């Protein structure tokens, strides 16, 4: 192995001009799995919104949401390349693995960020574009650069970045905001801590090694489990507020209540068993849980107004 390759492996920084990046490497910078969930929640906000949007504009808005999310991921990978290189979960990402030069990743992310906001504003409306810009800025500057390495509240406050897409989707259709997208924002906001803290429970050693003050590293596993239960007990009733206010029907409400009961049971299992298996199970279910909740939002919106009040 050459000296350059050894240095690249140790630092996670690829030398300019030495990197032969593939298209797949740049796709990986976009964090496709995260992008897919962001795109789906944005779609839910769009479908739930009153009024009509031309199909071309709807597709344009969704592409902008996806590209904006991907841009945030690329800039995050550029900034966190030192952390990523020290964690087994992330060490094979394109930058620490030496497949993409840091400057190329940054340029790629900034270009996509500016482009997605500009296209959203010029092609759809500037309210949606402003929210998209706020989302990207919050994730990059507030979460990645300010909170992540400084406070165990990084996930709590930073979770707002992932909660904006339903509001963007709604604004793309209506040009404004309302109570329903605000509630969808709140659902994702309160879902984020138990989701990520479940992951951090069985990755605490890695976070400690790279100096990221996740809650189990700073406050201990017992407090993290307690906080997971607290946030879950806030989250589940919150998911039923749209039903209680008559904004959605039984199509959403009954399954949401059932899913919420399963989520709380999973959180209580984490607190009771204190096992890695329980934390892994909650983390995996939390992803499915959010997906199903927003699938129910879409199903309810498509079912028609005659189901309201049921």
Complete set of residues in the range 121-142 that are surrounded by fewer than 18 Cβ atoms within 10 Å (Cβ to Cβ) and in contact (Cβ under 8 Å) with a residue 40 or more places away in the chain: 123
Flagged pairs (Cβ under 6 angstrom, 6 or more apart or on separate chains; first in the range 38-52, not assigned by TED's automatic domain parsing to the domain that holds residue 191 and modelled with pLDDT under 95; second surrounded by fewer than 22 Cβ atoms within 10 Å (Cβ to Cβ) and assigned to a helix (DSSP H, G or I)) are 51/174
Are there any pairs with C-beta distances below 8 angstrom linking a residue in the range 234-254 that is free of Cβ contacts under 8 Å to residues at least 40 places away in the same chain to a residue that is assigned to a loop (DSSP other than H, G, I, E, B) and crowded, with 20+ Cβ neighbours inside 10 Å, with the two at least 6 apart or on different chains, and if so which? 243/249
Can you tell me which residue in the range 221-263 is nearest to residue 85 (Cα to Cα), limited to those that are touching a helix residue (DSSP H, G or I) at 6+ places or on another chain (Cβ under 9 Å) and outside any helix (DSSP H, G or I)? 240
Which ones in the range 54-84 are over 18 Å from the mean Cα position of the chain (by Cα), buried (at least 18 other Cβ atoms within 10 Å of the Cβ) and free of Cβ contacts under 8 Å to residues at least 60 places away in the same chain? none
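Here's the yes/no breakdown for (1) part of a helix (DSSP H, G or I); (2) in the same structural domain as residue 265 (by TED's automatic domain parsing); (3) surrounded by fewer than 21 Cβ atoms within 10 Å (Cβ to Cβ):
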residue	(1), (2), (3)
184	yes, yes, no
193	yes, yes, no
206	yes, yes, yes
213	no, yes, yes
216	yes, yes, no
Candidate set from the range 144-158 (those that are in contact with a helix residue (DSSP H, G or I) (Cβ under 8 Å, 6 or more places away or on another chain) and free of Cβ contacts under 8 Å to residues at least 60 places away in the same chain); member that is nearest to residue 192 (Cα to Cα): 156
Check 118, 105 and return the single one that is surrounded by fewer than 16 Cβ atoms within 10 Å (Cβ to Cβ), in contact with a helix residue (DSSP H, G or I) (Cβ under 8 Å, 6 or more places away or on another chain), outside the structural domain of residue 214 (by TED's automatic domain parsing) and more than 19 Å from residue 196 (Cα to Cα). 118
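The values are calculated or read from the model by the stated rules, or taken from the named source; none is laboratory data. What you see is a predicted model; the values in this text were computed from it and never measured. Methodologically, a virtual Cβ is constructed for each residue, glycine included, from the backbone with ideal geometry; neighbour enumeration extends over all protein chains shown.
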